[in-house]
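Data first, discussion second: the structure below is written as structure tokens.
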Amino acid sequence: MHITRYTDYSLRVLIYLSINQHRLSTINEIAQSYDISKNHLMKIVQQLNLKGYIKATRGKHGGVRINHQPSEINIGELVRQFEDKSKLVECFGSGNECVITPSCQLKQVFFKAQESFFKTLDEYTLADLLGGNNPKDLSHLLAIESA
């Protein structure tokens, strides 16, 4: 399975905001912590806001914050929302031109593998990604000051 950079960055934003729940965060702060493009993050933050994962506040003192408890955000559900399931193999998509599709079993094998992948992700929440017993390690790595 391949997770797109978009989904990867979405998870990273949510991890950052979960660690930094004590105040609003800016897109610039998140981009600097991960050394990733601010412009790319703006699109991701907008989508996370539209989907209700985060709450964005505009203005001079604005920023973003997580909109749910990390234990309420299921990783499998989030990845399903951000990944295009039709991209695994050509025959999953609407533009399928593979000549062996009518008798090929590959689609069923990959579908089953993909479902197993998502079932595994369904076992985890965002809280599981926050460093277990030592979330301060993530705070330190992301240069987030403690509250």
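The values are calculated or read from the model by the stated rules, or taken from the named source; none is laboratory data. Quantities reported herein were computed from a predicted structural model and do not represent experimental measurements. Because the Cβ atoms are built from the backbone with ideal geometry, glycine has one as well, and the counts that use them run over all protein chains shown. The protein model used for the area step is the full one, side chains on, heavy atoms only, and it has no ligands, DNA or RNA in it. Shrake-Rupley method; radii C 1.70, N 1.55, O 1.52, S 1.80 Å.
Does segment 60-80 contain any residue that is farther than 30 Å from Ile144 by Cα and either β-branched (Val, Ile, Thr) or assigned to a helix (DSSP H, G or I) (or both)? If you could, list the steps in order and put the result at the bottom.
At the first step, the residues of segment 60-80 found to be farther than 30 Å from Ile144 by Cα are none.
Within segment 60-80, not a single residue is farther than 30 Å from Ile144 by Cα and either β-branched (Val, Ile, Thr) or assigned to a helix (DSSP H, G or I) (or both).
In this entry, Leu141 passes the filter for residues that are within 21 Å of Ile19 (Cα to Cα) and open to solvent by 70 Å² or more (accessible area, probe 1.4 Å).
Report the residue count in segment 95-147 for those that are farther than 23 Å from Thr26 by Cβ and in contact with a Phe, Trp or Tyr (Cβ under 9 Å, 6 or more places away or on another chain). Total meeting the criteria: 4.
For segment 37-59, the candidate set comprises residues that are outside any strand (DSSP E or B) and among the polar types (S, T, N, Q); within that set, the residue that is nearest to His140 (Cα to Cα) is Ser37. When restricted to residues that are out of contact with any Asp or Glu (no Cβ under 7 Å at 6 or more places or on another chain), open to solvent by less than 60 Å² (accessible area, probe 1.4 Å) and outside any helix (DSSP H, G or I), segment 4-36 contains 5.
In contact (Cβ under 8 Å) with a residue 60 or more places away in the chain and over 23 Å from His2 (Cα atoms): is that true of Pro102 in this structure? Working first, answer last.
Working: in contact (Cβ under 8 Å) with a residue 60 or more places away in the chain: no; over 23 Å from His2 (Cα atoms): yes.
Against the criterion (in contact (Cβ under 8 Å) with a residue 60 or more places away in the chain and over 23 Å from His2 (Cα atoms)), Pro102 does not qualify.
When the residues of segment 43-56 are narrowed to those that are touching a strand residue (DSSP E or B) at 6+ places or on another chain (Cβ under 9 Å) and under 15 Å from Glu29 (Cα atoms), which ends up surrounded by the fewest Cβ atoms within 10 Å (Cβ to Cβ)? Before the answer, list the steps.
Looking only at segment 43-56, we keep the residues that are touching a strand residue (DSSP E or B) at 6+ places or on another chain (Cβ under 9 Å), and these are 45-46, 48-49, 53-56.
Subsequent filtering for residues that are under 15 Å from Glu29 (Cα atoms) retains 45, 56.
On the way: Val45: 25, Ala56: 16.
Filtering segment 43-56 for residues that are touching a strand residue (DSSP E or B) at 6+ places or on another chain (Cβ under 9 Å) and under 15 Å from Glu29 (Cα atoms), the one surrounded by the fewest Cβ atoms within 10 Å (Cβ to Cβ) comes out as Ala56.
Please determine whether any residue of segment 94-109 is in a helix (DSSP H, G or I), within 15 Å of the chain's Cα centre (by Cα) and of a type outside the set (Val, Ile, Thr).
no
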